[in-house]
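Each remark here refers to the structure printed beneath this line.
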Amino acid sequence: MSVTLPAVERPSEAAPPRPLVRVLAVLALLFVFLLGVNGLGDGFKSLGQDFLDSFFRATSNPFTGLMVGILATTLVQSSSVTTSLIVGLVAAPLNPLPIANAVPMIMGANIGTTVTNSIVSLAHMGRPDEFRRAFSVATCHDFFNYMAVAVLLPLELATGFLQRSATVLSSYVTGFGGAAYESPFKGTLKAGLRPIKGVIGFLFEDPRLEAVLLIAVSGILIFTALILLVKVMRSTLQTRVELFVSKALDVSPLLAMLVGVIVTVMVQSSSITTSLLVPLAGAGILTLYQAFPITIGANIGTTVTAFLAALAATGPHAQAAVTIALVHLFFNVTATLLIYPVPAIREIPLKAARWLADAAVRSRRWALGYVLGLFYGLPALFAILDQLLS
């Protein structure tokens, strides 16, 4: 009579702890992101003077630059990608994008990033009361950013205060005692780009074609790294994000803004923060007044990505990369200080959002027309008019 003994469960090989895996994944994705930014600058450098001159002339009109920033961000659904590309162009070793041309593009990216939560709110269209709450919370972000641009873009064109302030501060950040700041990632990034350039050079012999392909590959690296980075951090921090937001409902507006900043830095996407508010508003869990300061905080928190991109900047234009990153921060902070503290001014985007939500509930075509027209139609129209007039 044989006795079958229960199988002894062998201890499985020690698997790396999940938190460690996620930390390593975040670090690897950050490296890929910075690699893409660095490759972008090298690609534009290789294209030559004529191409860069024509590109800069195309963006020398501030209103065209603004529309380019809006349209680019709405197409890729991420201001992080747009601002990272702008930082790469500003830091290009050969004839970089002038900071004055990049400032309106940064402002446009700020507007374009709000399209995501506006689109998310359209999912509530079947339930009028729910849609009214969700759409008003989504569009208050739009109106806030348009107000900020309407005030600060003319002021910047007249005085250059954002660029001047950022340039002064960046000189302290990137240089000490007359010594230029050298990024610690410089050698590593160059080594990482070497095999990519080698493969491209092996496949193509035309230098300009190689440069175009390097730009395309770098753009794909930036976009892919940011998308995966957002997913990894969202899966890791989703519970904490919801906890932060729920706590922000019962605190002061200043602390609610701070929650918006922290959550956005944690998940590396203002779209995630603001899009999380939309269903909560639709369900009646939070009001427009509660959501508004969190949205403004998300606006400030999203500027961290431009600083990460500036880490990849090397050479004589490294300070310019830091400068445009600081312009992004100063723009959002200044807009907050100008709009939020004064009740009469603060009510403007809130009233506009409520009015538009009421109109959208009466006719869904208003909602669809608003999203398509504001984020896609208007920038395209400005681009066409600019070409015709020039």
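What follows draws every value from the coordinates through simple rules; no lab data is involved. Only a predicted model underlies this, so the values are computations on that prediction, with no experimental measurement involved. Note: ideal-geometry Cβ built from the backbone for every residue, glycine included; neighbour counts use all protein chains shown.
Each Lys or Arg adds one and each Asp or Glu takes one away; over the other residues whose Cβ falls under 14 Å from the Cβ of Ala360, this sums to +3. Each residue of the range 150-165 was assigned a 3J(HN,Hα) from its phi angle through the Karplus curve 6.51 cos²θ - 1.76 cosθ + 1.60 (θ = phi - 60°); the sequence is 4, 8, 7, 5, x, 5, 5, 5, 7, 10, x, 5, 5, 5, 5, 5 Hz, with glycine and proline shown as x.
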